1. For I215, are the conditions met, namely being more than 8 Å from the ligand (Cβ to nearest atom), surrounded by fewer than 23 Cβ atoms within 10 Å (Cβ to Cβ) and at negative phi?
2. Need pairs with beta-carbon distance below 7 Å; first residue more than 20 Å from F38 (Cβ to Cβ) and within segment 377-402, second β-branched (V, I, T); sequence gap 6+ or separate chains.
3. Checking the conditions here, which among I71, I40 is within 16 Å of the chain's Cα centre (by Cα), closer than 15 Å to G378 by Cβ, within 11 Å of the ligand (Cβ to nearest atom) and not in a helix (DSSP H, G or I)?
4. Among the residues of segment 140-162, count how many are in contact (Cβ under 8 Å) with a residue 40 or more places away in the chain, open to solvent by less than 10 Å² (accessible area, probe 1.4 Å) and closer than 18 Å to M326 by Cβ.
5. G192 versus (1) in a loop (DSSP other than H, G, I, E, B); (2) of a type in the set (G, A, S); (3) open to solvent by less than 10 Å² (accessible area, probe 1.4 Å): which is the lone unmet condition?
6. Do the conditions hold for V239, that is, is it farther than 27 Å from G321 by Cα and either of a type outside the set (D, E) or open to solvent by less than 10 Å² (accessible area, probe 1.4 Å) (or both)?
7. Filter segment 55-68 down to residues that are of a type in the set (A, V, I, L, M) and touching a Phe, Trp or Tyr at 6+ places or on another chain (Cβ under 6 Å) and give me whichever is farthest from the ligand (Cβ to nearest atom).
8. Does G222 satisfy the criteria of being away from the ligand (no atom under 16 Å from the Cβ), surrounded by fewer than 23 Cβ atoms within 10 Å (Cβ to Cβ), touching a residue at least 40 places away in the same chain (Cβ under 8 Å) and closer than 30 Å to A51 by Cα?
Amino acid sequence: MGLNGGYSGFRILLEGLSGNRGWRPAWRDPAPQPAYDFVIVGGGGHGLATAYYLASQFGEASVAVLEKGWIGGGNVGRNTTIIRSNYLLDGNQPFYEFSLKLWEGLEQDFNYNAMVSQRGVYNVYHSDAQRDAYRRRGNAMILHGADAELLDAAQLRAECPFLNFDNARLPVMGALVQRRGGTVRHDAVAWGYARGADRRGVDIIQNCEVTGFRIQNGRCTGVETSCGFIAARKVGCAVAGSSSRVMQAAGMRLPIESHVLQAFVSEGLKPIIPGVITYGGGHFYISQSDKGGLVFGGDIDMYNSYAQRGNLPVVEDVCEGGMALMPMIGRARMVRMWGGIMDMSMDGSPIIDRTHIDGLYFNGGWCYGGFKATPASGWCFAHLLATDTPHETATAYRMDRFERGYMIDEKGSGAQPNQH
Ligand SMILES: Cc1cc2nc3c(=O)[nH]c(=O)nc-3n(C[C@H](O)[C@H](O)[C@H](O)COP(=O)(O)OP(=O)(O)OC[C@H]3O[C@@H](n4cnc5c(N)ncnc54)[C@H](O)[C@@H]3O)c2cc1C
């Protein structure tokens, strides 16, 4: 088995019997070529998925991904791993459902164990009004072909008996459940897409920062990088938290702000949390990793930043949310925390679109929900790059919706990036 040989149970057995000496790097380390048909800026989940689908679905052979650091060093390897398609609005629901369907077949597709685990997502409600809102959301999901189930307190207690049902101020009254939602091992997604793209001839070039765009007569002809100029017929940017900074180099000012979001992991515990649980009385969500750590998070840090670390007031706020929802969490010790940079858009929804510069395309504004979108985002961006038309599930993610007034404001918070 040479470089990038396929993975299988038989191969694991063979390698186990022969001292595991046959494994090779999962992707090559190529030097950049002077020109490509497609250059994808950003080797996060979205950039790698875009390259993978350009090669696998659209038969494109000349594709490079340029990553300023290392594969998996950005948000794709920093998130709390939750996948779901429990969206309300027409602009969002079909897209996220498409993504969930792609997750369901992803491991077979790219031949990599990404530990896709459909253990269910429970959105807990605490009032009649919140139940009615969740009922409406669930109905919208079902109308779009997704699954949704509304549980009352007794049904939820049977599945999650440790919740704070009798809290005097915010009693737990039930939950909206999406059983097909769950978690995926985040960095394995980056590795799986990287390996799959590499096998199809995509050059993945790490430690190569894009510093500028060469734009001649309104057309982007390539990128300036720390490895020199690289020409391209089309350039797609998928740099998440760095979106405003990178697109500024093309003279664009985006409707996006960058904010820090933190994540937390406890010591390993025996299995206790059945799926993903979100608190309806504040911002707190939790799941349990296969190693046993409780993985949880809450709000962004509420100030603009490009730092990949957060501050203590939000640590306190997140832990208070956890204590209110499930007081038992106070017995667990927290062992790790980190931050990532979120590309928060004005309406909380993403952009997958061409720009006013020919040959330059943009993918961003994922706020803190872009991990679950990774497969569909890659597929739809590849579709746009290859065909110059938007994919049918991403027609609403246009850049000009902010000037035309067609917001996709899932939360109803208005033009407040830190509120979405
Ligand atoms: C703590 C936390 C928890 C989260 N939890 C969830 C969750 O549970 N569910 C969910 O759906 N989403 C979640 N998210 C959001 C999700 O992780 C992001 O929306 C998504 O990963 C962003 O897309 P990406 O993977 O392409 O980003 P990234 O992995 O950040 O990729 C962007 C890449 O671009 C590179 N780059 C930047 N500038 C340049 C340049 N000039 N040249 C070359 N490369 C460049 C960066 O180095 C980076 O690797 C969370 C995020 C965080 C931080």
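The values are calculated or read from the model by the stated rules, or taken from the named source; none is laboratory data. Computed from a predicted structure; not experimentally measured. All Cβ positions, glycine included, derive from the backbone under ideal geometry; neighbour counts span all protein chains shown. Accessible surface areas use protein heavy atoms only, side chains included; no ligands, DNA or RNA. Shrake-Rupley method; radii C 1.70, N 1.55, O 1.52, S 1.80 Å.
1. Here the answer is yes, as I215 does meet what is asked.
2. Pairs found: A396/I408.
3. Details: I40 fails: within 16 Å of the chain's Cα centre (by Cα).
Answer to the check: I71.
4. Of the residues in that region, 1 qualify.
5. (1)
6. Working: farther than 27 Å from G321 by Cα: yes; either of a type outside the set (D, E) or open to solvent by less than 10 Å² (accessible area, probe 1.4 Å) (or both): yes.
Yes; evaluated as a whole, the condition is true for this residue.
7. If we take residues in segment 55-68 being of a type in the set (A, V, I, L, M) and touching a Phe, Trp or Tyr at 6+ places or on another chain (Cβ under 6 Å), then V63 is farthest from the ligand (Cβ to nearest atom).
8. No, not satisfied.
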